[in-house]
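Take a look at the structure below.
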Amino acid sequence: MKNPIIPPGELDHSLYTREIYCLYEIAKALNAALDLTKSLHAVLSILSKFLGMSRATVSILNPLSSEISIEVAHDLSPEAKRRGKYRLGEGITGRVVQTGEPAIIPRISQEPLFLNKTRSRKNLEKEDISFICVPIKIGKNTIGALSVDRLFGNDISLEEDLRFLTIIAALIAETVNKVQHLNREKEKLLDENLRLHKELTEKYQIENIIGSSRPMREVYEMIHKVAESNATVLIRGESGTGKELVANAIHYRSLRARKPFIKVNCAALPETLLESELFGYEKGAFTGANALKLGRFERAHGGTLFLDEIGDLNPSIQAKLLRVIQEKEIDRLGGRQPIPVDVRIITATHQNLEKAVEEKRFREDLYYRLNVFPIYLPPLRERRTDILLLAEFFLEKYNQEHRKNIRRISTPAIDLLMEYHWPGNVRELQNCMERAVLICEEDAIKSHHLPPTLQTAESSNTRTKLSFDQAVEAFEKEMIIEALKKTNGISSRAAEELEITQRIINYKIAKYGIEPRRFKVK
């Protein structure tokens with residue numbers, strides 16, 4: 001049986017055959033609508049080639065501006081296409097889109113509503129041209145219009161053309177709807193993918209390690225240098241300086257970023273459990289080993305293993321760790337065959353490993369294996385310019401967490417933060433700011449919101465003990481400064497804020513050497 005879809009000219013030249021063939025070709029073009037604009041160009045070209053419909057256009061309504069403009073055109077110059085813009089209700093195209101009803105103009109030369117905005121019909125009064133315009137609808141909404149020019153003739157049925165173009169407009173609308181739906185789904189997936197990637201990147205990027213001091217800039221430089229290598233890293237620094245954050249930053253900037261990042265705190269696990277946690281065990285290896293357990297090394301295969309507080313490892317595990325680094329394989333407890341592992345090792349410690357090596361508490365050969373690329377994290381007292389940055393970061397964090405609206409840290413409170421020696425480093429500052437946010441019921445953190453340890457000479461080693469009169473004066477000075485900040489340095493308004501007279505505030509300002517102009521916002 002022969003294919004009924006036959007190109008015109010081979011068997012039958014009837015209009016019916018041409019229309020069937022056109023529908024077939026148009027459906028093929030629209031089904032391949034990976035590029036909707038390209039498909040619509042193909043549709044208009046088919047209408048022109050096989051049905052003699054010239055100057056075919058697809059116009060689309062912009063719902064925000066209510067402007068209708070030609071999206072795709074055939075037999076129109078780019079300049080003519082740019083000129084083809086209509087308002088809703090303007091001209092034939094504007095009315096079709098506004099009403100959702102098709103229109104037939106037998107002779108455009110006799111139709112005053114035909115505007116010829118494209119100026120593509122050079123001799124409008126002499127040309128015997130018909131114009132057909134049908135709406136493109138998705139549901140009840142008209143999104144645009146399909147229009148064509150036809151040479152007027154008694155042998156041409158404009159009603160038949162209208163019927164055929166209405167079918168084509170419906171096919172276009174269905175395709176547009178499908179493409180829009182697919183694009184929305186793609187955008188959703190892309191947005192979700194970008195959101196998750198952004199969250200992961202932001203959580204572990206270097207910028208999350210707060211600090212702009214020179215020692216911290218050196219740390220950032222070291223992270224950049226080592227991140228993309230497979231070198232073993234040893235992070236040194238006191239407790240609370242942020243060693244785990246640095247380990248995170250190295251892993252998530254490395255070539256292993258999409259692989260596991262497994263953490264082990266060597267000081268938090270009993271010696272009896274640490275070995276099985278690191279290397280795993282076979283079923284029946286010991287009493288209670290009822291199933292195979294993968295160790296942290298196996299779980300980190302292809303990625304990074306972070307061993308925190310490495311200085312607390314006992315000699316037996318130190319020897320096994322050395323073998324893993326040298327041989328790239330582990331032995332499960334109760335296992336008979338070594339298991340190859342591909343793991344990058346990052347370690348951290350607050351201990352003096354050199355002293356531990358001298359005292360034979362830490363293997364010298366392991367020390368040199370781990371100390372390939374050391375990174376030193378300075379204590380907070382050595383990066384005082386970062387204290388305020390960190391304090392403001394924690395203020396914002398705990399504002400959100402505890403639903404507070406504390407806007408700033410007062411000057412006397414900043415002085416206390418800057419003068420304290422921070423034995424607990426960043427972790428202590430974080431706890432201090434959380435406590436202050438919880439206590440504070442005002443719009444600023446003040447000195448009395450900070451822990452007592454920050455306000456005693458014994459803890460800071462920098463402040464002298466205040467007498468009662470000195471403490472009162474310090475409190476008065478703080479209140480005046482806060483009032484001047486609120487009132488843009490205007491002392492009369494600050495006096496009203498404090499409910500004192502202008503004379504008294506002027507006296508106190510002179511007594512404490514306060515300069516109101518410093519608090520004017522420029």
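No value in this document is a laboratory result; all are computed from the given coordinates. Here the structure is a predicted model, which means the values were calculated and not measured. Quick reminder, even Gly has a Cβ in these numbers, built from the backbone with ideal geometry, and neighbours come from all protein chains shown.
Per the helix-only calculation at 222 nm, which mean residue ellipticity applies to the chain, given -39500 (n - 2.57) for every DSSP H run of n ≥ 4 and division by its residues, nearest 500 deg cm²/dmol?
Calculated mean residue ellipticity at 222 nm is -14500 deg cm²/dmol.
Take every DSSP beta bridge whose two residues both sit in the range 207-378, then give the antiparallel share in percent to the nearest 5.
Roughly 15 percent of the beta bridges in the range 207-378 run antiparallel, per DSSP.
Provide the net charge surrounding Ser69, with neighbours chosen by a C-beta distance below 11 Å and charges set as Lys +1, Arg +1, Asp -1, Glu -1.
In short, +4.
What share of the DSSP beta bridges in the chain is antiparallel, in percent to the nearest 5?
60
Compute for the range 466-522: radius of gyration divided by Kirkwood radius, i.e. Rg/Rh, restricted to C-alpha atoms, rounded to two decimals.
Result for the range 466-522 is an Rg/Rh of 0.98.
Which entries of Lys186/Lys293; Lys186/Lys225; Lys243/Lys355; Lys85/Lys188; Lys263/Lys446 show an alpha-carbon separation above 29 angstrom in the structure shown?
Lys186/Lys293; Lys186/Lys225; Lys85/Lys188; Lys263/Lys446
Once amide H atoms are placed 1.01 Å from N in the peptide plane, what residues at a sequence separation of 5 or more from Glu71, or on another chain, have their amide H within under 5 Å of its amide H?
Amide H neighbours of Glu71: Val58, Ser59, Ile60.
Within the range 318-397, which trypsin sites (Lys or Arg not before Pro) sit in a loop by DSSP and count at most 14 neighbouring Cβ atoms inside 10 Å?
Sites meeting the loop and neighbour criteria: Lys328, Arg336, Lys360.
Loop-only GluC sites (Glu not before Pro) in the range 327-367, please: DSSP not H, G, I, E or B, and at most 13 other Cβ atoms within 10 Å.
When the GluC sites (Glu not before Pro) of the range 327-367 are filtered for loop state and at most 13 Cβ neighbours within 10 Å, Glu359 remain.
Using only the Cα atoms of the range 383-464, each taken as one equal point scatterer with no solvent, compute I(q) by the Debye sum, divide by I(0), and report log10 of the ratio at q = 0.15, 0.21 Å⁻¹.
The Debye formula, applied to the Cα set alone, gives -0.46, -0.91.
For the range 207-378, compute the orientation-averaged projected area of the C-alpha convex hull (one quarter of its surface), in nm².
Hull-based average projected area comes out at 10.2 nm².
How large is ³J(HN,Hα), in whole Hz, for each residue of the range 351-366 in order, when computed from phi with the Karplus curve 6.51 cos²θ - 1.76 cosθ + 1.60 and θ = phi - 60°, using x for Gly and Pro?
7, 8, 5, 4, 5, 5, 5, 4, 8, 6, 8, 9, 4, 5, 5, 5
Taking K and R as +1 and D and E as -1, what net charge do the other residues with C-beta under 10 Å from the C-beta of Leu255 add up to?
Every neighbour counted, the sum reads +4.
Cα atoms only, the chain: Rg and Dmax in Å?
When restricted to Cα atoms, the chain yields Rg and Dmax of 39.0, 113 Å.
What percent does the relative contact order of the chain come to when contacts are Cα pairs within less than 8 Å and at least six residues apart?
Across the chain, relative contact order equals 9 percent.
Could you pull out every residue, at least 5 positions away or on a different chain, whose amide H is within less than 5 Å of the one on Gly144? Hs are placed 1.01 Å off N in the peptide plane, and Pro or chain starts have none.
Those qualifying (amide H under 5 Å, at least 5 residues apart or on another chain) are Leu61, Ile136.
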